[in-house]
Each structure stands twice: as structure tokens, then as C-alpha cells.
Amino acid sequence: MDETAIIETPQPDNLWKFKTLLIGGVIGALVGISAALLLIKRAEQKGQSLAITPVKGVQLGVMVAGLLRSILLLGED
């Protein structure tokens with residue numbers, strides 16, 4: 001049997017799942033890169049290197065968790 005990788009096309013009933021994952025992944029990557037660029041730009045304007053303290057890291061984590069919770073609630077009525 002041939003051991004080359006075969007990429008299977010998703011079945012029509014699972015196509016929406018694939019599209020959702022693909023679009024969500026692309027949007028997440030673009031938002032992440034944009035956020036990193038903004039942080040870099042702000043640090044350069046201040047003439048400092050980027051330093052995220054543990055407190056700021058926890059604050060960011062809580063905000064991201066809140067955002068994910070809000071996204072999760074979008075599907076509920």
C-alpha cells in the first residue's frame with residue numbers, strides 16, 4: 001500500500017464544519033498578527049522593548065476567556 005499522505009475532501013454534511021474551522025483559523029491568525037504588530041509599534045514609539053508582566057498576562061488571559069465565552073453564547077437563544 002502506498003504510504004503517501006492523502007487529503008480527503010470533507011463530506012457535504014461536514015463541509016460547514018471545515019469551512020468554520022478554516023475561516024476561524026484564518027481570522028484568528030490575522031487578529032493575532034495585527035495585535036502583535038500593534039504591540040511592537042507602541043513599544044517602538046515609546047523607545048522601549050516589549051515587556052508583558054505576569055499581571056498583564058493574567059489580565060489578557062481573562063479577557064480572552066471572556067471573549068471566547070461571548071462567542072460561545074452567540075449560538076444560544
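We did not get these values from a lab; they are worked out from the coordinates using the rules stated. Bear in mind that the values here come from a model prediction, so they are computed numbers and not experimental data. So basically every Cβ, Gly included, is an ideal-geometry build from the backbone, and we count neighbours across all protein chains shown.
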- The simple spin-label model distance between Lys46 and Lys17, using points 7 Å out along Cα→Cβ, in nm, is 4.4 nm
- List Leu74, Leu39 from most exposed to least, where exposure is judged by having the fewest other Cβ atoms within 10 Å. Leu74, Leu39
- Once the Cα atoms of helix 15-46 and of the chain are each reduced to a long axis, what angle between those two axes, in degrees from 0 to 90 to the nearest 10, is obtained? 20 degrees
- Contour excess over end-to-end distance, with Cα ends at Leu73 and Ser34 and 0.36 nm allotted per residue: 11.5 nm
- Matching label for the computed volume of the Cα convex hull per residue in Å³, out of (i) 104; (ii) 140; (iii) 184, is (iii)
- Message: Shape verdict for the range 35-77, please, from the Cα gyration tensor: rounded (a/c under 1.5), prolate (a/b greater than b/c) or oblate.
- Response: oblate
